[in-house]
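Here's the structure we're looking at; comments come further down.
The values are calculated or read from the model by the stated rules, or taken from the named source; none is laboratory data. Here the structure is a predicted model, which means the values were calculated and not measured. Note that each Cβ is placed from the backbone with ideal geometry, even for glycine, and that neighbours are counted across all protein chains shown. Calculation scope for accessible area: heavy atoms of the full protein, side chains included, ligands and nucleic acids excluded. Shrake-Rupley method; radii C 1.70, N 1.55, O 1.52, S 1.80 Å.
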Amino acid sequence: MTQALARDLLETARTKGLMVATAESCTGGMIAAAITDIAGSSDIFERGFVTYSNIAKVEMLGVSGETLSGHGAVSEAVAREMAEGALARSAAQLAVAVTGIAGPGGSDDKPEGRVCFALARDGAAIFSETRDFGPLGRAKVREATVLHALTRLLEGAHAAS
């Protein structure tokens, strides 16, 4: 499934003349890896940011310290700023960002399996959402996150003019 989505993304983005960037926290580069596993991905993959720590989110993507302290790293507000920062700091026209709790652990407010996504595209409003995958275990939460992020990127590529 992951390879099929990545192939579809490659074909669609290539057709639309789009470059893609990723901003990843809980997946640690797995979305970028899924895209670059496909031969020819250099046609559409511009760069990936792995910003696991809060300081990396601030320094590499320009996420506001106030947003982090006010909402926490696992929030749609932070995901939106991550996606926006990925676009601003790359030559991409389409970016996805993910931040979440892969597990084990979590809290009542932010349980294991909660992941916040954002999709930014030149000339369009930033889309964000929160998905609760549940306590599936770290590997499965990360896998589900990669699949969902690729799906959102593909949708964003299709919507581009």
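Note on segment 128-145: residues that are within 23 Å of SER41 (Cβ to Cβ) and either open to solvent by less than 10 Å² (accessible area, probe 1.4 Å) or assigned to a strand (DSSP E or B) (or both) total 1. In segment 4-11 there is at least one residue matching the filter, namely being open to solvent by 50 Å² or more (accessible area, probe 1.4 Å) and in contact (Cβ under 8 Å) with a residue 40 or more places away in the chain. Cβ-Cβ contacts under 9 Å between residues 6 or more apart (or on different chains), taken from a first residue in segment 91-109 that is modelled with pLDDT of 95 or more to a second residue that is open to solvent by less than 10 Å² (accessible area, probe 1.4 Å) and charged (D, E, K, R), are listed as VAL96/GLU24; ALA97/GLU24; VAL98/GLU24; THR99/GLU24; THR99/LYS57.
Is one or more of the residues making up segment 148-156 at pLDDT 95 or above, open to solvent by 40 Å² or more (accessible area, probe 1.4 Å) and acidic (Asp, Glu)? Yes, there is a match, as at least one residue in segment 148-156 is at pLDDT 95 or above, open to solvent by 40 Å² or more (accessible area, probe 1.4 Å) and acidic (Asp, Glu). Residues that are modelled with pLDDT of 95 or more and either charged (D, E, K, R) or not in a helix (DSSP H, G or I) (or both) within segment 1-15 comprise ARG7, ASP8, GLU11, ARG14, listed in sequence order.
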